[in-house]
Amino acid sequence: MNTQATEQQNTHAATPLVEMKDISISFGGVHAVDNASCDLYPGEVVGLLGHNGAGKSTLIKILSGAYTRDSGTIFVDGKKATIDNPRHAKDLGIETIYQTLALADNVDAAANLYLGREILTRWGTLDDAAMEAETRKVMNRLNPNFTRFKDPVKQLSGGQRQSVAIARAIHFNARILIMDEPTAALGPAETEQVGQLIHQLKNDGIGIFLISHDIHDVFDLADRVVVMKNGAVVGSAKTTDVTKDEVLGMIILGKCPAGATPGPGASTD
Amino acid sequence: MSVEKKYTESALVRFLRATEVDTRLLGMIGALILIWLGFHLYGHFVNGYGAFLTPRNLWNLSVQTSSIAVMATGMVLVIVTRHIDLSVGSLLGFSAMIMGVMQVWILPKFLGLGHPMIWPITVVVGIAFGALIGAFQGVLIAYLNIPAFIVTLGGLLIWRGASYLVARGETIAPVDQTFALIGGGPYGTIGATGSWILGIIVCLVIVLLLFNGRRQRKKFGFTTRPMWAELLIGGVGSALVIGAVMVMNAYPWPKGIVKKYAAANNIEIPDGGIFISHGFAFPILIALAVGVAMTFLATRTRFGRYVFAIGGNPEAAELAGINTKKMTMLIFSLMGALTGIAAVIASARLKSATLALGQFDELYVIAAAVIGGTSFAGGIGTIYGAILGALVMQSLQSGMVLIGFDSAIQQMVVGCVLVIAVFLDNLYRRNSV
Ligand SMILES: Nc1ncnc2c1ncn2[C@@H]1O[C@H](COP(=O)(O)OP(=O)(O)O)[C@@H](O)[C@H]1O
Ligand SMILES: [Mg+2]
């Protein structure tokens, strides 16, 4: 039923939640992202794949406002969007789980969860008790084993830190969720939990960019994949139209199979 | 033997856990007691007179600590966000000079000498001026990406030079009489009764805070301290406050001032003389008020939360949507405003604005923050720590003056203490995490 809905949106060309067009950025001569385009529809999971260094993180950091692009246009809900810093992106409902997690290591889980969006008392002071209570609720759903609410997050395990970063991204009613290698530090059980979470968010109509260098993390969860190589988009395809092996070929060789739409990075031979 | 040791250790650990007392705080108080006893006993045995632990010296110590303590609270935020401010000493001098010019040269011309509005205008101008210069330095650091070390090193030279130019190389004196009261002195205090009232209020606040904290924790089902620990903390805290009141009240006005005061108020002095207490001096009250306000800012507000988040991970703070550039500018502006307050205290105490006012203060301020547990790695530091650090630095300084060390040795000792303190701090952190 849900896949049908997605299908409909895709085939009937509803306005995409996000459309990134011809995005480029370079760092001192390195074209980290080169003329890349991709889009995302409501309730859709788009897997962004490619080797380490392909430019995936850089591309989505442009969407999340961490980097300012050299050229290209971003549309949100069909309207041209100005995203010059992370605040702009958040205002547009774009939430991000960064590959580095981007946690303030010296403060606790609740402070990180609410960083930049603190709950205040009626006197305008921090309401730490309320924030901790809310954090306990969220974390309970996400990672029931999590108990270290008073500790600075630097003292937590990789998996626990990742849970905090995920909790932060989903807690504020994101419409567009970017997950950059979200399960890298998680064990099998927690990874499974994140998979369920993605299903649930998708059902709520949230659009998700799921980024990984490993096709197995993504293929079963994604409706569509976009593959990058050397900063350019090799191509994009619905996961129903291509096999895992064909996608692997896109990642490794840059070769675009018949079921995929080629991009500027597709090899021509 | 070793069994016994283990047992006592675990008792201590249990005690610390139950009371939730910061071990660093205990360490600093221990160091302070050692320094105080050391100087007192040294004076007692070597010079034949222990002058340190006397009401007179402790009262002076409280006044001398104030201006460094005020600036140290701001330096905590600066260092927590991985910056540094080397310009505070020169900026203190410059602000003091501006205030001197204001109240000695300019305002009397328009308002008349001794006009009651002179001191408030002067104070506001001095603090605003500090805030403005701080903000200017902050803009250079945040928006032009010039390292704080360089900007404020420049400031150290520039503001000192500028105050020389403004004053045409003169000392500006005497300051307005009401303004001078802010610096302490016999009349610049709240007296015995005032000190008792204040002391009792502070004790009540301590009890109230403990009570409220307990209630909050219960409300959200978090663990609470055992009752005996609450009583102990409340008891020790109140005892310290009452002790401070008694010490400050035990320091009487000098005979000459008493005589003048008696003559002016038509009081007859009995044979034994009159004992008029100093009580808490205004500078120490200002420093305490600043300490409370800055603690509130650092721990209870968004601003404070952002300061620590930026210190812990500047990139993460930016990605979380915090405007880190604006924060940096505000932090330096706040540092400047606090420097302005310190300038009020320092120049009021001297009753003049001198060219050397505030020289080397930056070093004492930074040392106070660092001794108080503020880490150069960023993200860690407390306001109360910095205030205690200021007290440690000033205790060392005045203690050495009291026992007659010359200034060359003083400098060397202070330098050594700073380096050792940071070394101990590293050890402490390595063991605690
Ligand atoms: N801030 C930066 N400064 C310089 N080079 C960068 C920066 N961020 C990314 N790069 C470069 O851009 C390229 C793409 O990196 P990235 O987007 O992290 O790849 P991926 O996430 O696909 O592994 C790499 O060559 C990387 O070295
Ligand atoms: Mg990456």
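The values are calculated or read from the model by the stated rules, or taken from the named source; none is laboratory data. Here the structure is a predicted model, which means the values were calculated and not measured. Cβ atoms come from the backbone with ideal geometry, glycine included; neighbour counts cover every protein chain shown. Heavy atoms of the whole protein, side chains included, go into the accessibility calculation; ligands, DNA and RNA do not. Shrake-Rupley method; radii C 1.70, N 1.55, O 1.52, S 1.80 Å.
Which is without any contact (Cβ under 8 Å) to a residue 12 or more places away in the chain, within 14 Å of chain A (Cβ to nearest Cβ) and not basic (Lys, Arg), of B:ALA264, B:ALA293, B:ALA289? Walk me through how you get there before you give the answer.
Numbers: B:ALA264 fails: within 14 Å of chain A (Cβ to nearest Cβ); B:ALA289 fails: within 14 Å of chain A (Cβ to nearest Cβ).
Going through B:ALA264, B:ALA293, B:ALA289 in turn, the sole match is B:ALA293.
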- Note on the structure: Counting only residues in the stretch B:119-173 that are buried (at least 20 other Cβ atoms within 10 Å of the Cβ) and at pLDDT below 95, the one nearest to B:PHE360 (Cα to Cα) is identified as B:SER163
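If only one of B:ILE366, B:ILE387 is within 21 Å of B:GLY184 (Cα to Cα) and assigned to a helix (DSSP H, G or I), which one is it?
Values: B:ILE366 fails: within 21 Å of B:GLY184 (Cα to Cα).
Matching residue, one of B:ILE366, B:ILE387: B:ILE387.
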- Note on the structure: With the first residue restricted to the stretch A:78-106 and required to be of a type in the set (S, T, N, Q), and the second required to be part of a strand (DSSP E or B) and within 16 Å of ligand 1 (Cβ to nearest atom), Cβ contacts under 6 Å at 6 or more apart or on different chains are A:THR96/A:ILE178; A:GLN99/A:ASP180
- Condition broken by B:PHE94, with the remaining ones in (1) crowded, with 17+ Cβ neighbours inside 10 Å; (2) farther than 30 Å from B:LYS325 by Cβ satisfied: (2)
- Would you be able to say whether some residue in the stretch A:200-209 is at pLDDT below 95, closer than 28 Å to A:PHE27 by Cβ and of a type in the set (Val, Ile, Thr)? no
- Message: Of everything in the stretch A:75-87, what is within 14 Å of another protein chain (Cβ to nearest Cβ), within 22 Å of A:LEU201 (Cβ to Cβ) and not hydrophobic (A, V, I, L, M, F, W, C)? Give them in sequence order.
- Response: A:PRO86
- Which one of A:ILE74, A:ILE62 is open to solvent by less than 10 Å² (accessible area, probe 1.4 Å), away from ligand 2 (no atom under 16 Å from the Cβ) and in the same structural domain as A:ASP245 (by TED's automatic domain parsing)? A:ILE74
- Task: Could you please tell me which pairs satisfy a Cβ distance under 6 Å, a separation of 6+ or placement on different chains, a first residue in the stretch A:41-60 that is farther than 15 Å from A:LYS21 by Cα, and a second residue that is more than 6 Å from ligand 1 (Cβ to nearest atom) and hydroxyl-bearing (Ser, Thr, Tyr)?
- Result: A:GLY43/A:THR6; A:GLU44/A:THR6
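Residue by residue, here is whether (1) β-branched (Val, Ile, Thr); (2) away from chain B (no Cβ under 14 Å); (3) open to solvent by 20 Å² or more (accessible area, probe 1.4 Å); (4) within 16 Å of ligand 1 (Cβ to nearest atom) holds:
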residue: A:LEU201; (1), (2), (3), (4): no, yes, no, no
residue: A:PHE219; (1), (2), (3), (4): no, yes, yes, no
residue: A:VAL225; (1), (2), (3), (4): yes, yes, no, yes
residue: A:ASN230; (1), (2), (3), (4): no, yes, yes, yes
residue: A:VAL233; (1), (2), (3), (4): yes, yes, no, yes
residue: A:ALA237; (1), (2), (3), (4): no, yes, no, no
residue: A:VAL242; (1), (2), (3), (4): yes, yes, no, no
residue: A:LEU253; (1), (2), (3), (4): no, yes, yes, no
- Query: Of everything in the stretch A:171-194 that's part of a loop (DSSP other than H, G, I, E, B) and within 14 Å of another protein chain (Cβ to nearest Cβ), which residue is nearest to ligand 2 (Cβ to nearest atom)?
  - Reply: A:ALA174
- Item | Subset of the stretch A:92-140 [assigned to a helix (DSSP H, G or I), within 20 Å of the chain's Cα centre (by Cα) and more than 9 Å from chain B (Cβ to nearest Cβ)] | A:LEU113, A:VAL138, A:MET139
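Look through the stretch A:203-217, keep the residues that are among the small types (Gly, Ala, Ser) and more than 16 Å from ligand 1 (Cβ to nearest atom), and return whichever of them is least open to solvent (accessible area, probe 1.4 Å). Show your work before the answer.
Initial filter on the stretch A:203-217 (among the small types (Gly, Ala, Ser)): A:205, A:207, A:212.
Next cut, more than 16 Å from ligand 1 (Cβ to nearest atom) only: A:205, A:207.
On the way: A:GLY205: 34, A:GLY207: 0 Å².
Per the criteria, the residue is A:GLY207.
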- Task: Give me the pairs, please: first residue somewhere in the stretch B:32-58 and without any contact (Cβ under 8 Å) to a residue 40 or more places away in the chain, second residue anywhere and outside any helix (DSSP H, G or I), beta-carbon distance under 6 Å, and either six or more positions apart or on two chains.
- Result: B:HIS40/B:GLY50; B:HIS40/B:PHE52; B:HIS40/B:LEU53; B:HIS44/B:GLY50
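Would you say B:HIS83 is farther than 30 Å from B:GLY130 by Cα, modelled with pLDDT of 90 or more and either basic (Lys, Arg) or surrounded by 13 or more Cβ atoms within 10 Å (Cβ to Cβ) (or both)?
On the way: farther than 30 Å from B:GLY130 by Cα: no; modelled with pLDDT of 90 or more: yes; either basic (Lys, Arg) or surrounded by 13 or more Cβ atoms within 10 Å (Cβ to Cβ) (or both): yes.
Spelling it out, it is not the case that B:HIS83 is farther than 30 Å from B:GLY130 by Cα, modelled with pLDDT of 90 or more and either basic (Lys, Arg) or surrounded by 13 or more Cβ atoms within 10 Å (Cβ to Cβ) (or both).
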- Query: Checking A:ALA165 against (1) part of a helix (DSSP H, G or I); (2) in contact with an Asp or Glu (Cβ under 7 Å, 6 or more places away or on another chain); (3) hydrophobic (A, V, I, L, M, F, W, C); (4) under 18 Å from B:PRO314 (Cα atoms), which single condition isn't satisfied?
  - Reply: (2)
- Going through the stretch A:21-80 one residue at a time, which ones are closer than 20 Å to A:ASP214 by Cβ and assigned to a loop (DSSP other than H, G, I, E, B)? A:GLY50, A:HIS51, A:ASN52, A:GLY53, A:ALA54, A:GLY55
- Message: Whether any residue in the stretch B:337-350 is away from every other protein chain (no Cβ under 14 Å), under 23 Å from B:ALA167 (Cβ atoms) and of a type in the set (Ser, Thr, Tyr) is what I want to check.
- Response: yes
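Given B:ARG225, B:ARG215, which one is part of a helix (DSSP H, G or I) and at pLDDT below 95? Spell out how you get there, then give the answer.
Values: B:ARG225 fails: part of a helix (DSSP H, G or I).
Answer to the selection: B:ARG215.
Kindly check whether there is at least one residue in the stretch B:214-223 that is β-branched (Val, Ile, Thr), more than 22 Å from B:ALA281 (Cβ to Cβ) and within 13 Å of chain A (Cβ to nearest Cβ). Don't jump to the end; show me each part of the working.
Filtering the stretch B:214-223 down to residues β-branched (Val, Ile, Thr) leaves B:223.
Now drop any that are not more than 22 Å from B:ALA281 (Cβ to Cβ), which leaves B:223.
Add one more test, that the residue is within 13 Å of chain A (Cβ to nearest Cβ), and what stays is B:223.
Checking the stretch B:214-223: at least one residue is β-branched (Val, Ile, Thr), more than 22 Å from B:ALA281 (Cβ to Cβ) and within 13 Å of chain A (Cβ to nearest Cβ).
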- Which condition number in (1) open to solvent by less than 50 Å² (accessible area, probe 1.4 Å); (2) in contact with a Gly (Cβ under 7 Å, 6 or more places away or on another chain) is the one that B:ARG349 fails? (1)
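So how many residues does the stretch A:42-59 have that are among the charged types (D, E, K, R) and either within 10 Å of ligand 2 (Cβ to nearest atom) or open to solvent by 10 Å² or more (accessible area, probe 1.4 Å) (or both)? Steps first, please.
Start the filter on the stretch A:42-59 by keeping residues that are among the charged types (D, E, K, R), which leaves A:44, A:56.
Then keep just the ones that are either within 10 Å of ligand 2 (Cβ to nearest atom) or open to solvent by 10 Å² or more (accessible area, probe 1.4 Å) (or both); that gives A:56.
Going through the stretch A:42-59 one residue at a time, the tally reaches 1.
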- Message: For a quick check of your reading of the model, give me the residue pairs whose first member lies in the stretch B:174-185 and is among the aliphatic types (A, V, I, L, M), whose second is open to solvent by 20 Å² or more (accessible area, probe 1.4 Å) and not in a loop (DSSP other than H, G, I, E, B), with beta-carbon atoms closer than 6 Å and at least 6 apart or on different chains.
- Response: B:ILE182/B:PHE282
- Note on the structure: Counting only residues that are touching a residue at least 24 places away in the same chain (Cβ under 8 Å), more than 25 Å from the chain's Cα centre (by Cα) and either more than 7 Å from chain A (Cβ to nearest Cβ) or open to solvent by less than 10 Å² (accessible area, probe 1.4 Å) (or both), the stretch B:305-319 contains a total of 1
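Okay, residues lined up against (1) of a type in the set (Gly, Ala, Ser); (2) within 16 Å of ligand 2 (Cβ to nearest atom); (3) part of a loop (DSSP other than H, G, I, E, B); (4) in contact (Cβ under 8 Å) with a residue 60 or more places away in the chain:
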residue	(1), (2), (3), (4)
A:LEU197	no, no, no, no
A:GLY205	yes, no, yes, yes
A:ILE208	no, no, no, yes
A:ILE211	no, yes, no, yes
A:ALA222	yes, no, yes, yes
A:VAL227	no, yes, no, yes
A:GLY235	yes, no, no, no
A:ASP245	no, no, no, no
A:MET250	no, no, no, yes
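Can you name every residue in the stretch B:74-108 that is outside any helix (DSSP H, G or I) and under 27 Å from B:ASP176 (Cα atoms)?
Restricting attention to the stretch B:74-108, the residues satisfying the condition of being outside any helix (DSSP H, G or I) are B:81-87.
The one that is outside any helix (DSSP H, G or I) and under 27 Å from B:ASP176 (Cα atoms): B:SER87.
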